[in-house]
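Report on one structure; see the data block that follows.
The values are calculated or read from the model by the stated rules, or taken from the named source; none is laboratory data. It should be emphasised that the depicted structure is a prediction, and the values quoted were computed from it without experimental measurement. All Cβ positions, even for glycine, are placed from backbone atoms using ideal geometry, and neighbour counts span all protein chains on display. Note: accessible area is taken over every heavy atom of the protein model, side chains too, but ligands, DNA and RNA are not part of it. Shrake-Rupley method; radii C 1.70, N 1.55, O 1.52, S 1.80 Å.
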Amino acid sequence: MQKNFFLPIQLRKLKVALILLIIGIFSVASLRAQGRKTISGYITDASTGEQLIGVNVYDSKNGIGISSNEYGFYSLSMPSGACELRVTFIGYEIQRLAFNLNADTTINFKLSTQAVEFEEVEVTAEVPKVEQSQMSVVDLPLKQLDKIPVILGEPDILKVIQLLPGVQSGTEGTSGIYVRGGAADQNLFLLDGVPVYNVSHLFGFFSVFNPGSVKSVKLYKGGFPARYGGRLSSVMDVRMKEGNDQEFKGDVSIGLISSRINLEGPLIKGKSSFVLSARRTYVDVLSRPFIAMINAGMEDTRVRGGYFFYDLNGKLNYKFSDRSRLFLSAYLGHDKLYAKEDYAYTNENYNYETQTTETQKYEEKIDMDINWGNRIAALRWNYVLSNKLFSNTTVTYSRYRFNTNYDYVSHNVTTDHKDYDKFDYFSSIRDFSAKVDFDYSPHPDHAIKFGTGYTLHCFKPGVQSEKIASVDTVYSTSTPGNTINANEAYLYIEDDMNIGERCKINAGLHFSAFNVQGKTYLSLQPRISARYKLYDNVSLKASYAKMDQHVHLLSTSAIDLPTDLWVPVTDDLAPPVSHQVALGTSIRLPYTLDMTVEGFYKDMSNLIAYKDGASFSATASTNWDEKVELGEGWAYGVEFMLEKTVGQTTGWLSYTWSKSERQFDEINNGEVFPAHYDRRNDISFVMTHVFSERFDVGMTWVFSTGNAVTLGAYEYPLLPGSPNVDGTIIPKDYGGRNSYRMPSYHRMDIGMNFHKVKKRGVRTWNISVYNAYNNQNPFMLKWGTKHIKTETTDEYGNVFYSTKSKNVLQQVSLFPIIPSISYSFKF
C-alpha cells in the first residue's frame, strides 16, 4: 500500500524535474540569442532533391557553424552584419555565400556532386570526429557498400556493420549483431523511425534492409542521445531515400540467388517524388530441376519444396511549401520455407477368414510450411514552426509474425478412411505508435532536441492447435494465445552545446513509463557525452548512459530461424537496466586518416537466462517466465579504429579486445561464466580501391576468437546401462556453462567491379569470392562416435580384433569457398 501511495508522488517529482530542466535550458539559450539573426532552410542534392543529413554550414567570418538534421533542415543564429557561409559535405562541391545579414533569412542550398573524381580536389567531409561531441557512433559509408565483398555478391548493411569495432557477428548463418558484450535482442533497429523486430532472412544471407532504398545508416554503441530508448546495447538508425524529384532513375541487379530493382522519380517535378525497391530470391525456382530429377526415379512419390523471401520498400513525399512536407513510407517483407510430399502405395493383407488376399491402396500427403515477416508503415509530417524551431510528427505501425503449419493425411482409398495430424502455431508482436519531435536552434552554441511519444504493444507469444484423428478416435488440443497489451510512454530533452572553443557536450534526460499486467515501471535515464579538444586535430571524449529495456527475445535455436519469441517484462520480472561509461580519443592524422581509441565498461542487471535444462518449445511459451533466472552481467573492453574515407583508396582497420561475463544464483552453481558471444579478440581489415571509372576492387579479412559454448552429453532411458530408470534425461558434466572455446574464426573475401558507360546508363559486373582461402570455420560443435580398432596376439600367435567406441567432439562448418557473379544496370 505504501508503494502505491508514493508512486504518483515520485512520478510528479520526475515530471517537475524535467519541466524545470526544459525551462532552464530554454531560458539560458533565449537570453544568449538576443540581438542575433537567423539563417535557416533545407539542404538538398541538386540532381535528385534528396535531403542531405549532416551537412556542415559554417560562417568563417564569425567562426560558428551547425549541421543539418535528420531531415536536411538547418538553423544558424549569428550577429547581424557581414557573414561568409561555407557549406561542405563529403562528395559534394563546396558552396560559398557572402552577404550582409540584417534580418532573419531563409536560404535553401542545393549541392552538386564533385565533377572531378580522380584528380586532387579539396577534401570536404561531414563534421570530423575530432569535432563531434557524440562518441561511440559510426556513420556507415554507403558509397563503399557496393565495393565491399560479401557472400553471394549481395551488398548488405548488417554484414558491413559486423566489420566495425565493438560489433561482433554470430556464427556463420546468422546476421544478428552483438554490441559491446550485449545480447542480440539488446539492439534497437529503426527503419525511418519504426522498430523492426526481425532483421534477418533465413541463415543470415541477407538482412531486411535493402541497400537500394537506404539513404543513411548510423550506429550508436554508447553515449546514446536522449531521444533513443528501449534497448541496452545499441541503436541502428536507418533512413530511407525520399526519391528523385527531378528525373526518373533506377537500377536493376541480377545475382545467383536473388535479384532486385530500385525505381525513383518525380510525381510532380520539384514538389513530389517516390522511391520503390523490390527484391526476391529464387532458390525455390533454381531447385525445381533437381527436385524433378529426384521425382523421376520414384513413380509413386512426388516431392516439392523450397525457400524464398521478398522485400518491398516504398516511400512517397509531398512538399506543401518550404515550411511543410509530408512523407509516407512502408516496408513489407515475407519469408517462406515449405516442403510437400505425395506418396502412393499398395498394401496386401491375407484374410484368414475368407482365405483371400486383399489389396488396399493408400495415398499419403505431407504439407509443411513456415512463414514469417515484418510489416511497417510511417506517416511523417515536417513543419517549420519558426526559423529556429523545427517539428516532426509521426504515426507508425510495426508488426512481426511467425506462423508454421503441418498437415499429414493418410487416405485409404479402398475403404475411403482418412487418418490425419494437423498442427498450427502462430506468434506475433504489433506496435501502434505516435510521437512528436522538435529541433530548436536558439544559438550556434545550442542545438536542442526534445519530444514525447506513446506506443501500444500487443504481444501474442503463441497460439497453438493440434488435431489428430485415427480410426474412430479424434484427439484435439488447443493453447489459446492470450494477447498481452503493454503501454509505453516517454519524453526526452537533450542539448548539444558548446562551452568555450574547445569543449562540447551533449547532455539530456530520457524518461519512460511502461505499464504491463497492472504494474508500471518508471525510469529516469540521464545521458551525457563530452568532447574536449587538446589540439586542432586531437580530442578527448567521455560518455555515460543509462538504458532500460522492456522486451525479451526467447531464443530457441543457435541458427537464424524465426522461432524466437518476443515477450514483455512482467509484473514479476523487472526491466533489464544498463549503465555504460566510455573514455576515448579521436585524432585526425595526415593523409586524411582518422584514428579513434575507446575504452568502455557496461554493467547490466535484471538479465534473464534459461535455467539449466529448460527448453522453450512452442508448448512452453505460455509459462516462459517460470523457466528463467534473473541475474547480472558486465562487459568491458578497448576498441581501436584507423579509417580513411576520402580518396581512391578507402577502408579501415579495427581491433577490439573485450570481455563479457554473466552471473546467476541458480545457474552454474552461482559462479561467474562468460557470455556465449564473449570473444577476446576481433580484427577486421577492409580496403577498397578505385583504379578508374571502369574498375574497382575490394577486400576484407576478419579474425575472431572462438565463441564460448557449453559441452554436454546425455544418457537416455533406453540405452543399455543407463541409470535413469524413471525416464528422465541425465546430463553428463563436461564443465561449467560456456566453459569451452570453439576454434578461432578467420576469413578473406575479395570482390571486383567492372563498370561500363552505356547509351542509357552504367552497366556493372561484380565478381566476388567469399572465404577465398576456403577455411573451414566452426558453425557448431557436436558429439560424435569414433570407432577404434585394436589388434592383439595371444601366446599361440592367434590374432584377435576388437573395436572400442568413444565420444569425440566434431566441428560442423557451413560455408566453404563461394564464388559469385552478379549483373547490375543503373539508368
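Our coupling estimate for the range 323-336, obtained by passing each phi through the Karplus curve with A = 6.51, B = -1.76, C = 1.60 and θ = phi - 60°, is 9, 9, 9, 10, 10, 10, 10, 8, 9, 9, x, 9, 10, 9 Hz, Gly and Pro reported as x. Using a/c under 1.5 as the rounded threshold, could you call the range 180-235 rounded, prolate or oblate? The axes a ≥ b ≥ c are square roots of the C-alpha gyration tensor eigenvalues, and prolate needs a/b larger than b/c, oblate otherwise. It comes out oblate by the Cα gyration axes.
Among 159-169, 397-407, 93-103, sorting by the average number of other beta carbon atoms lying within 10 angstrom of each residue, highest first, gives 159-169, 397-407, 93-103. Toward the positive end of the charge dipole of the range 176-247, with +1 on the Cβ of Lys and Arg and -1 on the Cβ of Asp and Glu, the farthest Cα among LEU188, SER213, HIS201 is that of LEU188. Packing here is the average count of other Cβ atoms within 10 Å per residue, and on that basis the peptides 410-422, 589-601, highest first, run 589-601, 410-422.
Between ASN405 and TYR383, the FRET efficiency from the beta-carbon distance, with R0 = 45 Å, is close to 0.45. Using DSSP to define loop residues, name the chymotrypsin sites (Phe, Trp or Tyr not before Pro) in the range 198-260 whose beta-carbon has at most 16 other beta-carbon atoms within 10 Å. Those satisfying the criteria are PHE248. Take the alpha-carbon centre of the range 220-275, take the same for the range 46-83, and report the distance between them in whole Å. Taking the Cα centre of the range 46-83 as reference, the centre of the range 220-275 is 23 Å away.
Computed in the context of the full set of protein chains, the accessible area of the range 339-395 at 1.4 Å probe radius has 50% of its extent on carbon or sulfur. Taking amide H as placed 1.01 Å from N in the peptide plane, the amide H of VAL413 sits under 5 Å from that of LYS361, TYR362, GLU363, each at least 5 places away or on another chain. In this label model, SER321 and SER813 are separated by 6.6 nm, measuring between points 7 Å along each Cα→Cβ vector. Taking Cα centre as origin and charging only the Cβ of basic (Lys, Arg, +1) and acidic (Asp, Glu, -1) residues, the dipole magnitude of the range 178-245 rounds to 240 debye. Listed values for the range 251-256 are Karplus-derived 3J(HN,Hα) couplings in whole Hz (6.51 cos²θ - 1.76 cosθ + 1.60, θ = phi - 60°), namely 8, 10, 10, 10, x, 5, and x replaces Gly and Pro.
Remark on SER813: its backbone amide H falls under 5 Å from those of PHE779, a criterion applied only to residues 5 or more positions apart or on other chains, H modelled at 1.01 Å from N.
Along the range 771-783 the Karplus relation, 6.51 cos²θ - 1.76 cosθ + 1.60 evaluated at θ = phi - 60°, assigns HN-Hα couplings of 6, 4, 9, 6, 6, 7, 7, x, 9, 7, 10, 9, 7 Hz to successive residues, with x for each Gly and Pro.
The label point for LEU328 and the one for TYR454, both projected 7 Å from the Cα toward the Cβ, are 2.4 nm apart.
With the cut-off at 1.5 for a/c, could you classify the range 491-594 from its C-alpha gyration tensor as rounded, prolate or oblate? Oblate shape, in that a/c is at least 1.5 and b/c is the bigger or equal ratio. For a straight C-alpha distance cut-off of 20 angstrom, the aspartates and glutamates reachable from LYS759 (same-chain residues fewer than eight places away being disregarded) are GLU247, ASP251, GLU264, GLU693. Multiplying the residue separation of LEU522 and PHE691 by 0.36 nm and removing their Cα-Cα distance gives an extension gain of 55.2 nm.
Each label point was placed 7 Å from the Cα along the Cα-to-Cβ direction; for THR113 and SER805 their separation is 6.4 nm.
For the residue pairs LYS541/LYS644; LYS215/LYS519; LYS315/LYS644; LYS110/LYS541, alpha carbon separations beyond 31 Å are given by LYS215/LYS519; LYS315/LYS644; LYS110/LYS541.
In the range 179-245, the portion of solvent-accessible area held by carbon and sulfur atoms comes to 53 percent [1.4 Å probe, whole percent, DNA, RNA and ligands not counted]. Between the alpha-carbon centres of the range 157-171 and the range 732-805 there is a gap of 22 Å.
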